[in-house]
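See below for the structure under consideration.
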């Protein structure tokens, strides 16, 4: 997640990553020392003493009042006074207040009294103004927030509505298509700002003026419209508004050179990592939003009730039925209900729903290469040769699902787009923090994970297998003869193959007439694409050329092309290779 106030996009610079960390103590000493010393002098005059010296001591933030955006703090001031030629040293305790609404530009000193001996006030906020919340206290903090917002879990007001919570805080929620390059769920704005959104009419990027107190939520993050995601996103941003406004405002005013602050990409490495202010804010918002939706004791009560009702069912089914009931009661996703039950200590939750409930059907070529190299199940699925890569989807090779447009480019049919679960391999997003340039953001997608179980139907498997097997039995043993056999079988001329493979006519003639020609791996792949070979035939031709593909990034990319893209043009294949920083193949 990133935090910024977008006064001007061009001037946003990283501040939280700088060596100079936001410090409320340093801010008070820098901005308000003169006012504090004047107040000390007034106190001396009140006592009828002569002011000699004053110095600032410990500064403790005692509380933050959300309604008035006021920060209350105590200042210890060490001072010396002269009374009839005799010097007296005092420690004064000043109760002070300043407002976020004027960027901490003014201080109001409410009282000045002698500091009691051994006085030490427990801080309400640390020096960076990010609350300290221990993991074991998260559920109680969530209950406190619900009570403060007059949303009581036991009065029948569940489920919690994110928009209603935002409005009770004086926030305005807007749905829009955020800049797709950002890949975010939502943003909350602490100041008037500008941001980039996608214009719904033109589809182009547009500048949007946003007022302070606005939450922008992505209407269809990653192409998925899910009210559960939207609700959780809004509550996530409400937590930032409730808990993190002082920290944001401190960061903004502390860096004088820029009118905005920005948090860049973060990565937490192990338990010894020293958390930054930003990481604590993100962790708190991520942890509290689900607890606001599913408070601990209510969730425990309902879950236990339904576990008892389903006592006669097998353990896995019993747990799945209970999770689904929690989904309906709290109006949350199945994944969130499952996670909350795990957090609350219910046994046997991990085994519930071995498959993923929210599926995606598109995957970028670079992520597909990464997934194929690490996931044997995914590689097994595409190595079967039953799927082709079209419009970022691995779809069954069938005219019902794919067609060629007037330019000869493969496209998904309307039926395939309407029924992706019927014909496409499916994935689930794995998410991680990303660096974003504007706003306070939710987590963003990292890559897609293949879901085992999105398989080909037995009928389609049988049909394809019988066709491929009959052709395989008739193929010659040498490379040159096999190349000729495929050209004859498909009725492809030398000129046609030269054009579709980006190879010269002379090259192809030499490969045809030589049983075991000296040929590069890239050239073999060009021929497979030019001939539009079935994957099994393509790998057969590669083997007969004397090559075997290994598990490098380059070879994995070639594997995916041979299994899923030989029916695409060689130019489309080269575009995918370029995404990975690999050299294009053929004489392009």
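We did not get these values from a lab; they are worked out from the coordinates using the rules stated. Note that this is a predicted model, so its numbers are computed, not measured. Using ideal geometry, Cβ is built from the backbone for each residue, glycine included, and neighbour counts are taken over all protein chains shown.
Sort 563, 60, 413, 202 by Cβ crowding within 10 Å, fewest neighbours at the top.
202, 413, 60, 563
How much length is gained on full extension from residue 42 to residue 551, taking 0.36 nm per residue of separation minus their Cα-Cα distance?
That pair, residue 42 and residue 551, stretches by 175.4 nm at full extension.
Any idea how far the Cα center of segment 367-407 sits from the one of segment 503-559, in Å?
So the separation of the two Cα centres works out to 20 Å.
Can you sort 474, 564, 68 so the residue with the fewest Cβ neighbours within 10 Å comes first?
474, 68, 564
What distance in nm separates the simple spin-label points at residue 78 and residue 495, each placed 7 Å from Cα in the Cβ direction?
9.6
To make sure I understand, if each residue's beta carbon is the centre and we count other beta carbons within 10 Å, what order do 63, 80 fall in, fewest to most?
63, 80
In nm, to one decimal, how far is the residue 411 label point from the residue 219 one, both placed 7 Å along Cα→Cβ?
It is 2.4 nm.
Rounded to the nearest Å, what's the spacing between the alpha carbon centres of segment 92-144 and segment 17-85? Just the number, please.
So the two Cα centres are separated by 14 Å.
Between residue 331 and residue 201, what length comes free when the chain is fully extended (0.36 nm per residue of separation minus the Cα-Cα distance, one decimal in nm)?
43.6 nm
Just to compare against my own numbers: the Cα pair-distance distribution for segment 24-114, 5 Å bins, whole % per bin, please.
In whole percents, the pair-distance histogram is 3, 14, 26, 23, 15, 10, 6, 3, 1, 0.
Taking the simple approach of a point 7 Å from Cα along Cα-to-Cβ for both residue 89 and residue 122, what is their distance in nm?
Here the modelled spin labels are 3.1 nm apart.
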